[in-house]
1. For region 148-194, place one equal point scatterer on every Cα, skip the solvent, and apply the Debye formula. What is log10 of I(q)/I(0) at q = 0.19 Å⁻¹?
2. Using 1/(1 + (r/R0)^6) with R0 = 22 angstrom and r between the beta carbons of Arg123 and Lys53, what's the FRET efficiency to the nearest 0.05?
3. What relative contact order, as a whole-number percentage, does region 2-193 give when Cα pairs under 8 Å and 6 or more residues apart are counted?
4. Of the options Trp126, Phe111, Val94, report the single residue whose Cα projects farthest towards the positive end of the charge dipole of region 84-180 (beta-carbon charges: Lys, Arg +1; Asp, Glu -1).
5. Out of all DSSP beta bridges in the chain, what portion is antiparallel? Express it as a percent rounded to 5.
6. Considering lysine pairs in region 38-194 that are 8 or more places apart or on different chains, how many have Cα atoms under 16 Å apart?
7. With the Cα gyration tensor of region 2-193 in hand, convert its eigenvalues to equivalent ellipsoid semi-axes via √(5λ) and list them largest first in whole Å.
8. Would you please give the residues with an amide H less than 5 Å from that of His177, counting only those at least 5 places away or on a separate chain, with H modeled from the backbone geometry?
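Throughout, read-outs are computed from the coordinates displayed, never taken from laboratory work. Quick caveat, the model's predicted, so the values are computed rather than measured. All Cβ positions, glycine included, derive from the backbone under ideal geometry; neighbour counts span all protein chains shown.
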Amino acid sequence: MRILAFADTHGETDLSHLHELAEQADLLICAGDISFFGVDLDETFKALEAFGKTAGKPVLFIPGNHEQGDRIPESEHVINIHQSHHEHEDVVIVGYGGGGFREHDPKVEQFLSEVAPKHAGKRQVWVFHGPPYDLVIDEVAHGPTGCKSKRKMIDTHKPAVVIAAHIHEQWGTFHEHAETVVVNPGPFGRLITL
């Protein structure tokens, strides 16, 4: 299975640069921040919906910190998986959006502690907006900035893939950590093969 992951498009409504990658993918995942602080969210959501429709497959979506507090609609071509999961073939995609600024998050720990064991034995792809702590994709000039709660859950449950965004300096970064591949796809997207 091939996944096209992307994030941090921040108000861009022309997603045509992703079409070629989308044709090669079985599944599309957006890790949030399609807007700037919710401005023109309806317009950017319609662009995301049109992208999924053109690609002929739905976009699994979680909100980023720029969409927090805003109602994210669903449609035939966009499925909001925030605090939820979606199964595709033998892969379980688990989503937890928002954030990007918390060092510790008991809510994400509780959510993942409940969901991950239910799907033990299946390949799991976890989708966050804010990155986990100290796994390269959270590095900025002064060091790692990610969430230690997410890192703890990754080390405990060992998902196959973690997709996270938020840190623009790490767009396109791909890192292998033990049994988990960690990716910050950025707005130009990244194909991930499972």
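1. -0.60
2. On the way: r = 27 Å, r/R0 = 1.23.
Step by step, r from the Cβ atoms, then E = 0.20.
3. Dividing the mean separation by the residue count of region 2-193 yields 22 percent.
4. It is Phe111.
5. Details: 17 of 41 bridges.
If I count the DSSP bridges inside the chain, around 40 percent turn out antiparallel.
6. Working: Lys46/Lys57; Lys107/Lys148; Lys107/Lys150; Lys107/Lys152; Lys118/Lys158; Lys122/Lys158; Lys148/Lys158; Lys150/Lys158.
Within region 38-194, the lysine pair count is 8.
7. Numbers: eigenvalues 107, 68, 50 Å².
Result for region 2-193: semi-axes of 23, 18, 16 Å.
8. Here the answer is Val182, since their amide H atoms fall under 5 Å of that of His177.
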